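The values are calculated or read from the model by the stated rules, or taken from the named source; none is laboratory data. Treat the numbers as computed from the prediction; the structure is a model and nothing was measured. With ideal geometry, Cβ positions are generated from the backbone for all residues, glycine too; neighbour counts draw on all protein chains shown. Accessible surface areas use protein heavy atoms only, side chains included; no ligands, DNA or RNA. Shrake-Rupley method; radii C 1.70, N 1.55, O 1.52, S 1.80 Å.
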Amino acid sequence: MSEIDDGLDDKNEVSMAPPPGSDYEVAFSHHSEGPLESPFEKAAHWMSVGVRPDQVFLTDERMGVINFRKVMRDPLLIQAGVERFIDFRCSLTLSDTDVDAVFSSVCYYEKDGEPAYINAYDPELSSIRDVLSMVSNNLFEYLQKPLLHRHNED
């Protein structure tokens, strides 16, 4: 499994209550031609081992919903030597064939800087959308992998 790792030891904390007008959402939908094997369990594993969220708001297997918050380094800017952070909330809705990932309260900031919440006119929207797309694609690729089944040997 590819990890969405930020490598942060001490997280920069952004206010837990986003300001008014920060309700812009970035949504991705993925569809599998065949059934996904144990999508909720695999998504929960991906989240706890790969994403390592800063906060989990909801996990409900019956509804197929996982909601969490994550602060991560912007992987597109690390190689350029720029230390920018992206803070987002993510709501995953999972079914046997579909995965919807809705990112909300998305902001970005440089270390010790003030957060800028994205909106439809933000010049950084395309770059931030690319990072969020990487996160949702990583999950969908992981969900499509078959589970390893261990066979008991006699």
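Please pick out the residue among 104, 48 that is of a type in the set (S, T, N, Q) and closer than 16 Å to residue 138 by Cβ.
Of 104, 48, the one residue that is of a type in the set (S, T, N, Q) and closer than 16 Å to residue 138 by Cβ is 48.
If a residue has to be open to solvent by 40 Å² or more (accessible area, probe 1.4 Å) and touching a Pro at 6+ places or on another chain (Cβ under 7 Å) to count, how many in segment 69-94 make the cut?
0
Of the numbered conditions (1) surrounded by 20 or more Cβ atoms within 10 Å (Cβ to Cβ); (2) under 19 Å from residue 19 (Cα atoms); (3) out of contact with any helix residue (DSSP H, G or I) (no Cβ under 7 Å at 6 or more places or on another chain), residue 119 fails exactly one; give the number of that condition.
Result: residue 119 passes all but (1).
Tell me which residues, restricted to segment 75-115, are modelled with pLDDT of 95 or more and aliphatic (A, V, I, L, M).
Matches in segment 75-115: 86, 92, 94, 99, 101, 102, 106.
Can you tell me which residue within segment 94-120, out of those that are within 18 Å of the chain's Cα centre (by Cα) and of a type in the set (Val, Ile, Thr), is farthest from residue 56 (Cα to Cα)?
Here the answer is 118.
Among the residues of segment 55-68, what is the count of those that are surrounded by fewer than 16 Cβ atoms within 10 Å (Cβ to Cβ), under 16 Å from the mean Cα position of the chain (by Cα) and either of a type in the set (A, V, I, L, M, F, W, C) or not in a strand (DSSP E or B) (or both)?
Residues in segment 55-68 being surrounded by fewer than 16 Cβ atoms within 10 Å (Cβ to Cβ), under 16 Å from the mean Cα position of the chain (by Cα) and either of a type in the set (A, V, I, L, M, F, W, C) or not in a strand (DSSP E or B) (or both): 3 in total.
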